[in-house]
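Presented below is the structure to which this report refers.
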Amino acid sequence: QVQLQESGGGLVQPGGSLRLSCAASGSTFSIVTMGWYRQAPGKQRDWVATINNDGGTNYADSVKGRFTISSDSAKNTLYLQMNSLKPDDTAVYYCTVWNGLRYWGQGTQVTVSS
């Protein structure tokens with residue numbers, strides 16, 4: 001079992017930045033991939049970014065060049081640095097990990113509005 005706890009969401013103006021964190025606990029030694037998804041109101045949950053245990057990263061086209069995913073293995077924490085935020089980035093952001101099973105955090109709200 002892996003438990004995930006996101007933090008760092010909030011209200012930010014267009015063009016601003018936020019950094020999301022996701023603290024993992026439990027069977028973290030078995031994690032292969034960590035990532036972020038987001039779900040806007042009335043829409044499906046969409047993939048945002050992924051980082052593998054070899055450090056490789058991938059991004060959705062909509063966030064490429066603006067968002068950066070990273071992890072700190074010593075702290076068992078995943079991050080998502082979000083820059084140049086747009087109103088379309090408004091969503092609940094979910095942390096997820098995969099170790100043969102997928103686990104989800106409870107989500108953190110990000111609102112981009114003036």
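The values are calculated or read from the model by the stated rules, or taken from the named source; none is laboratory data. Keep in mind it's a predicted model, so treat the numbers as computed, not measured. Cβ placement follows ideal geometry from the backbone for every residue including glycine, while neighbour counts extend to all protein chains displayed. Ligands, DNA and RNA are excluded from the accessible area calculation, which covers all protein heavy atoms including side chains. Shrake-Rupley method; radii C 1.70, N 1.55, O 1.52, S 1.80 Å.
Of the residues 34, 82, ranked by 1.4 Å probe accessible area with the largest first, the sequence reads 34, 82.
Can you tell me the relative contact order of the stretch 1-89? Whole percent, Cα pairs under 8 Å, sequence separation 6 or more.
Over the stretch 1-89, the number comes to 32 percent.
Each of 36, 98 has its accessible area taken with a 1.4 Å probe; listed largest first, they run 98, 36.
In terms of accessible area, using a 1.4 Å probe and ignoring ligands and nucleic acids, 86, 75 rank largest first as 75, 86. So what's the gap between the Cα centers of the stretch 87-107 and the stretch 1-70, to the nearest angstrom? Result: 6 Å between the Cα centres.
Checking the a/c ratio against 1.5 first, then a/b against b/c, what shape does the Cα gyration tensor give for the stretch 1-55? List each step's numbers first, then the result.
Working: a/c = 1.95, a/b = 1.73, b/c = 1.12.
Prolate.
When the chain is fully extended, how far beyond the present Cα-Cα distance does residue 45 get from residue 17, taking 0.36 nm per residue of separation? Kindly include the intermediate steps, with their values, before the conclusion.
Details: separation 28, 0.36 × 28 = 10.08 nm, distance 2.16 nm.
Net length gain for the segment: 7.9 nm.
Rounded to 0.05, the FRET efficiency of the residue 32 and residue 113 pair, given R0 = 30 Å and the Cβ-Cβ distance, is 0.25. In cubic angstrom, how much convex hull volume per residue do the alpha carbon atoms of the chain span? Dividing the Cα hull volume of the chain by its residues yields 92 Å³. If the cut-off is a Cα-Cα distance under 22 Å, which lysines reach residue 43, setting aside same-chain residues fewer than 8 apart in sequence? Here the lysines satisfying the reach criterion relative to residue 43 are 64, 86.
Of the residues 62, 25, 71, the one that moves most in a GNM of the chain with alpha-carbon contacts below 10 Å is 62.
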